[in-house]
1. State which residue is farthest from the chain's Cα centre (by Cα) when the search covers only segment 119-147 and only residues that are crowded, with 24+ Cβ neighbours inside 10 Å and of a type in the set (A, V, I, L, M).
2. Take the residues of segment 132-151 that are part of a loop (DSSP other than H, G, I, E, B) and either among the aromatic types (F, W, Y) or in contact (Cβ under 8 Å) with a residue 60 or more places away in the chain (or both): which is nearest to V71 (Cα to Cα)?
3. I'm told R220 meets every condition in (1) part of a loop (DSSP other than H, G, I, E, B); (2) at negative phi except one. Can you identify the failing condition by its number?
4. What residue, among those in segment 224-241 that are assigned to a strand (DSSP E or B) and touching a residue at least 60 places away in the same chain (Cβ under 8 Å), is farthest from V173 (Cα to Cα)?
5. Look at segment 191-224 and say how many of its residues are under 28 Å from R281 (Cβ atoms) and either touching a strand residue (DSSP E or B) at 6+ places or on another chain (Cβ under 7 Å) or crowded, with 18+ Cβ neighbours inside 10 Å (or both).
6. Against the conditions (1) farther than 20 Å from V46 by Cα; (2) assigned to a loop (DSSP other than H, G, I, E, B); (3) not aliphatic (A, V, I, L, M), where does N158 fall short? Just the number, please.
7. Restricting to segment 97-118, and then to whatever is part of a loop (DSSP other than H, G, I, E, B) and either of a type in the set (K, R) or touching a Ser or Thr at 6+ places or on another chain (Cβ under 8 Å) (or both), can you tell me which residue is surrounded by the most Cβ atoms within 10 Å (Cβ to Cβ)?
Amino acid sequence: MILAKRAWALGLFVVLGCAGAPGRRDAASAGAAADADAAGRVFVYVGMAGGELVLFHLDPSTGILARRGTVSGGRAPSSLARSVERESLIAVDGNTGQAAAFSMDSKSGALKSVARIATGGAHPSGATLDDTGKYVLSAHPAAGRVSVLAITQSGGLNAIGTFAAGAGAHTVVVHPSQIVFVSNSRAGTVSQYTFNTGTGMLTPKPGPALALPSGAAPTRMVCHPSGRWVYLLDEGTGSVAVYGFDGDLKALSPISSQVISTLIEGAARGRSRPADRPANRPVDLAVSPTGRFLYVTNRGPDDVAAFAIDGAGVLKLVGHTPGGGRAPGALSVDPTGKFLIVANEGGKSLSVSSIDSTTGALGSGHVVMLPAPPISVLAVKP
């Protein structure tokens, strides 16, 4: 268990301790130590209900979070994405439909507002960036559409357009081969497109959308780092499905190679549609940077399911670990692969758990209390 004294003052999380200030003789060594610390630092950005976008520094050796700053992210920054190409962070507001672009200081992680623009639809969900870091794509459940924004050289935002998807369009994923997938929760389908990185335009793949089994309500998706598999979360059945990527057809295989429950054995399944908000349901998923492990947050049991990924992309349950708070939602694996950060929306907290590098099991960690519910979280390296 990571032990640390913690206190909250004026809404700030403080790690209590003492350290001597360096004297003049130690200035050079202190400067070198600071540079080394900055090189290994991880920035954690948290979007909170009410609009705050909070920066934490994650200690890569202990997993301790230290709060470092706050900017306005709108009303509900529910999706966060980082563009290395543009040295910026994009926050998409699920309430107002606006996207905000921030320049990101590479040394401190501090954010500075650059631009705000309408995404092209109401209540955007599941926003992401393409691999070039030049475009922001968002799903719009009510309209069943996908919007695309371009990130300019100066870090601003320009609207490209919106494109038809399916009923309940929920999450957008961009495959390394520049194929775009959109999960349609109400239609029970996955729309597929080719993506032009020169123009930002989406072209639907020939034929109908990929139809999922009856009763499916697909929400979140994630690509394996190798690009060989796509993992699709299904709120309707409380499961995650594994779909292979057909490199010849540049599309998902029509039949999943595996469907595995995310819920602990004996947990009652929810009803079949996410609009019903079933009591026991998976909410978000993430794959570790190595591609060896996958994690899913479950509401109801309020836990995190950990899976190992084998050489064929198949999942094997490692175990369930308490999420560290009520109603866990968004989660992020830090870029070093050592820690998992979970946003507990109902508990107004973040939980940080260590990851066993061999098994993927979640171990000791700590909880950071927040003044408002966290609705998004993103961990990045400078």
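1. Once the filter is applied, the top-ranked residue is V146.
2. Top of the filtered list is K134.
3. (1)
4. Taking segment 224-241 as the starting set, the residues that turn out to be assigned to a strand (DSSP E or B) are 229-234, 239-241.
Checking which are touching a residue at least 60 places away in the same chain (Cβ under 8 Å) leaves us with 229, 231, 233, 240.
Numbers: W229: 12, Y231: 10, L233: 13, V240: 16 Å.
Only one residue tops the list, namely V240.
5. We begin by selecting, within segment 191-224, every residue under 28 Å from R281 (Cβ atoms); these are 191-193, 208-224.
Now drop any that are not either touching a strand residue (DSSP E or B) at 6+ places or on another chain (Cβ under 7 Å) or crowded, with 18+ Cβ neighbours inside 10 Å (or both), which leaves 191-193, 209-212, 216-224.
Total meeting the criteria: 16.
6. (2)
7. Filtering segment 97-118 for residues that are part of a loop (DSSP other than H, G, I, E, B) and either of a type in the set (K, R) or touching a Ser or Thr at 6+ places or on another chain (Cβ under 8 Å) (or both), the one surrounded by the most Cβ atoms within 10 Å (Cβ to Cβ) comes out as G97.
Yes/no per residue for (1) within 16 Å of Y231 (Cβ to Cβ); (2) outside any strand (DSSP E or B); (3) at pLDDT below 95; (4) under 17 Å from the mean Cα position of the chain (by Cα):
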position: S256; (1), (2), (3), (4): yes, yes, no, no
position: I260; (1), (2), (3), (4): yes, no, no, no
position: A267; (1), (2), (3), (4): no, yes, yes, no
position: T290; (1), (2), (3), (4): yes, yes, no, yes
position: L294; (1), (2), (3), (4): yes, no, no, yes
position: A305; (1), (2), (3), (4): yes, no, no, yes
position: A312; (1), (2), (3), (4): yes, yes, no, no
position: G337; (1), (2), (3), (4): no, yes, no, yes
position: A343; (1), (2), (3), (4): no, no, no, yes
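The values are calculated or read from the model by the stated rules, or taken from the named source; none is laboratory data. Since the model is a prediction, treat every value here as computed from it, not as a measurement. Note: ideal-geometry Cβ built from the backbone for every residue, glycine included; neighbour counts use all protein chains shown.
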